[in-house]
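Since every read-out is calculated from the coordinates, none of them should be taken as a lab result. In this text the structure is predicted, and so the values were computed from the model without any measurement. Cβ atoms come from the backbone with ideal geometry, glycine included; neighbour counts cover every protein chain shown.
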Amino acid sequence: MEPINIVYTCDDKFLNYLAVSIDSLIDTMGQEHVRRLSIYVVAINFSDEQKKWLSELVHKKNKDVNIYIHDYTLTGKFNKSPYRAIEIVTLVYYLPGFFPHLNKAIFVDGDTLFLDSVEELWRLDLGKNWIATTPCVLDEMSLNTYQRSTKGYFWSIEQTMNAGILILDFHKMREHGIMEILEEWTEKHQASIKLPEQEAISFNFPVRKLIDHKWNWRGSIGFSEPYLSSIPAASEYSKIKPAMVHFQGPLRPGNALLNSKYFNFWVNRCVSLGLPLPRRKKVPFNIFLTLMTQDKGELFKTTGIMSFIDFNIIRLPHIIKCIVPYILYRKDPLNFKFRTFESS
């Protein structure tokens, strides 16, 4: 049977996240399929010791799993962009060149946790498409809010995307010059784009094969884009049984202690690997406010010209109520837990 190719891009600072994701990836695949697994890592600034450690981790977990490490050194590409990680996130353009012997791969962000076998996703037929993606938002309300954050215009929910997981047909990417198209567009618009690779793919290739939300589930906090949606849509999203959890920045397990079983799953796996937990950062007040009031529903939906009024009048009592808790949080962030939307 053909190998199941999984590709990550990761810099040395995210090695712990990568290790947890790979560990969960291997654990969730049955013995029948795990021997088909080949893991490819585009390693940025990894030391020889880090590469050796990662390889040993995989082989100790399962000797049948292959891991290949491709070294990459940052060159300052797209240096007019205010997005500091632009060169890292756009490496997805160049994967067919990094791994010329591969015709297909699943690209995965390092800040993820697998809960089900990726073999199911590998079987998804791309048809005539070179890529499969998960929509970033859920309904028209969230679409209207989301598209205001970019310079472009999204005319459908399906056109939006989150790059936490992608299925890529490398053969079609080479055949149709996808790398060149995305690189040229990013070079031209680098100074203004906010989400570089996502906007490049969305605007140049608006029609794509869609991946079920369970494979890129971002519902462990009410801060991610799906919760910009209407209450019914967000409520249904929170009931999804995830096959993969994507911990979006700025709130990852290393950033805040959240009352979330999936954060706990991640922490427990990290500890079981003998890894130190990432240093926790204090979130700014606007994110704290969102986390503390995410159960207030429609109070925090802002659309059209009413957004300014909504913010200054409707939200004001909640802002005031959050000031003292925020002071307490800043004093002891390690022991402050937030509520979440996730289903039990």
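I'd like the orientation of helix 178-189 relative to the chain: the angle between its Cα long axis and the longest Cα principal axis, in ° from 0 to 90, rounded to 10. Value to nearest ten degrees: 40. Ranking of Val20, Val42 by neighbouring Cβ atoms within 10 Å, starting from the fewest: Val42, Val20.
Oblate is the label for region 150-203, because a/c, from the alpha-carbon gyration tensor with a ≥ b ≥ c as root eigenvalues, is 1.5 or above and a/b does not exceed b/c.
Going from the fewest other Cβ atoms within 10 Å to the most, the residues His33, His213, His171 appear in the order His171, His33, His213.
Ignoring lysines fewer than eight residues from Lys282 along the same chain, the ones with Cα atoms less than 27 angstrom from its Cα are Lys13, Lys194, Lys261, Lys296, Lys301, Lys321, Lys331, Lys337.
Within straight-line reach of Lys281, meaning a Cα separation under 20 Å, sit the following aspartates and glutamates at least 8 residues removed in sequence or on another chain: Asp11, Asp12, Asp111, Asp332.
Derived from the Cα gyration tensor, the three semi-axes of the equivalent ellipsoid of the chain are 32, 25, 19 Å, largest first. Separation of the alpha carbons by more than 19 angstrom is noted, of Lys128/Lys172; Lys52/Lys104; Lys51/Lys104; Lys63/Lys214, for Lys52/Lys104; Lys51/Lys104; Lys63/Lys214. Estimated from helical segments only, the mean residue ellipticity of the chain at 222 nm is -10000 deg cm²/dmol, where each DSSP H run of four or more residues counts as -39500 (n - 2.57). Converting phi to 3J(HN,Hα) with the Karplus coefficients 6.51, -1.76 and 1.60 and the offset θ = phi - 60°, region 48-53 yields 4, 5, 5, 5, 5, 4 Hz in sequence order, with x at every glycine or proline. Footprinting exposure proxy ranking of Asp125, Asp212, fewest other C-beta atoms within 10 angstrom first, gives Asp125, Asp212.
Relative contact order of the chain, taken over Cα pairs closer than 8 Å and 6 or more residues apart, is 17 percent. Just the number, please: percent antiparallel of the DSSP beta bridges in the chain, rounded to the nearest 5. Within the chain, antiparallel bridges account for around 35 percent of the total.
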